[in-house]
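The values are calculated or read from the model by the stated rules, or taken from the named source; none is laboratory data. Quantities reported herein were computed from a predicted structural model and do not represent experimental measurements. Cβ placement follows ideal geometry from the backbone for every residue including glycine, while neighbour counts extend to all protein chains displayed.
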Amino acid sequence: MNQKLSPSTIILLTVPPLLWAGNAIVGRLVREAVPPMTLNLLRWLIALLILLPMAGAAFRPGSGALANWRRYALLGLAGIGLYNSFQYLALQTSTPINVTLVASGMPVWMMLVGRVFFGVPVRRRQVAGAVLSILGVLVVLCRGDLHQLLGLRLVAGDLYMILATIAWSFYSWMLLQPQDKPELRADWAAFLAVQVAYGLLWSGLFTGVEWSLGAPAIAWSGRLAAALVFVATGPAVLAYALWGAGIRRAGPGIGAFFVNLTPLFAALLSSAFLGELPHAYHGLAFALIVGGIVVSSRR
């Protein structure tokens, strides 16, 4: 694992936060049309259908998909089942600004999970980078006004986002475990398809519980169909493929700082949808977040 950031690695780790920002906005827009667990199940079912024509090697005899089922079941649970379900569940009750604030703790959780469960030491430069990165997120959240930040109140949805962040930390560290067959690891579509297949089992279980508790019926529309296609292709297939490649190059500790670009992208996308121009504090936030990435990735 090489922690030196090349231009291609930066691109690999920057595009997913942009797509995930769009995912948060779309998830919020369709929250009344489809229950959160059902949304996650439909999203990844479409994603698997997209992947299958490119992932012929995923389920062939000897690929390791069945022999190594415990690993892929855990990857599917953390990255497909828990993270996305908790995120959509959080968007049902919490405001986007609160969800983003909770998610900004990603570098801290990534360092803690890496240290406690994977034996990865925490260095001072990583702590310094985390502080800079989180400061940048806070600038976006308070829109340059400290009083707005002090007025934030956490609700039940924010707890779900904490759980989602912890699940994503485990997922990112597990990606580095050398337990996959080289031919499967080298084929990004096959590697992701195996994770999605196992993740759908978990998502189906969660959806079954959701419907047994009396979830409302899906309100089908052209808008919902377009939303499903977007969240399945961009934030799911493309973002996960790029994230996995970037993590294998730079490591989860560095990748966690790029996740904090998500609230900045979300603010810019929201401004675009609302017809508002970016403000000076967006530039300050970007400088702080990038500063955190630079500091944390220094040798």
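The table below gives the values:
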item	result
Some residue of the stretch 32-45 being among the basic types (Lys, Arg), within 30 Å of SER212 (Cα to Cα) and surrounded by 23 or more Cβ atoms within 10 Å (Cβ to Cβ)	yes
Criterion: out of contact with any Lys or Arg (no Cβ under 7 Å at 6 or more places or on another chain), modelled with pLDDT under 90 and under 22 Å from ALA186 (Cα atoms) - qualifying residue of ALA57, ALA47, ALA73, ALA24	ALA57
Any pair with Cβ under 9 angstrom, 6 or more apart, that starts in the stretch 172-197 at a residue that is closer than 26 Å to VAL120 by Cα and part of a loop (DSSP other than H, G, I, E, B) and ends at one that is of a type in the set (A, V, I, L, M, F, W, C) and modelled with pLDDT under 85	LEU176/MET1
Counted residues, the stretch 192-209 - those being within 16 Å of GLY64 (Cβ to Cβ) and under 16 Å from the mean Cα position of the chain (by Cα)	3
Boolean, GLU210 is of a type in the set (D, E, K, R), part of a helix (DSSP H, G or I) and either within 25 Å of PHE59 (Cα to Cα) or free of Cβ contacts under 8 Å to residues at least 12 places away in the same chain (or both)	no
Any hit, the stretch 42-61, residues being more than 18 Å from VAL196 (Cβ to Cβ) and either in contact (Cβ under 8 Å) with a residue 12 or more places away in the chain or in contact with a helix residue (DSSP H, G or I) (Cβ under 8 Å, 6 or more places away or on another chain) (or both)	no
Close pairs (9 angstrom Cβ cut-off, 6 or more residues apart or separate chains): in a helix (DSSP H, G or I) in the stretch 227-243, basic (Lys, Arg) and surrounded by 23 or more Cβ atoms within 10 Å (Cβ to Cβ) anywhere	LEU228/ARG43; VAL231/ARG43; ALA232/ARG43; PRO235/ARG43; ALA236/ARG43
Qualifying position, being among the β-branched types (Val, Ile, Thr) and crowded, with 22+ Cβ neighbours inside 10 Å, among VAL237, VAL209, VAL155	VAL237
Residues of the stretch 107-160 satisfying the condition of being at pLDDT 80 or above, under 20 Å from GLY291 (Cβ atoms) and assigned to a loop (DSSP other than H, G, I, E, B)	VAL122, ARG123
Residue match in the stretch 5-21 (condition: farther than 18 Å from ALA239 by Cα, within 17 Å of the chain's Cα centre (by Cα) and part of a helix (DSSP H, G or I))	no
Flag if ALA90 is assigned to a helix (DSSP H, G or I) and small (Gly, Ala, Ser)	yes
Tabulated pairs, the stretch 1-20, first aliphatic (A, V, I, L, M), second surrounded by 11 or more Cβ atoms within 10 Å (Cβ to Cβ) and modelled with pLDDT under 90, C-beta under 6 angstrom, 6+ apart or interchain	MET1/GLY251; LEU5/SER297; LEU13/GLY255; LEU13/PHE258; LEU18/PHE265
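Here is a yes/no grid of residues against (1) of a type in the set (A, V, I, L, M); (2) crowded, with 21+ Cβ neighbours inside 10 Å; (3) within 30 Å of PRO107 (Cα to Cα):
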site	(1), (2), (3)
LEU213	yes, no, no
ARG223	no, no, no
ILE254	yes, yes, yes
PHE258	no, yes, yes
SER271	no, no, yes
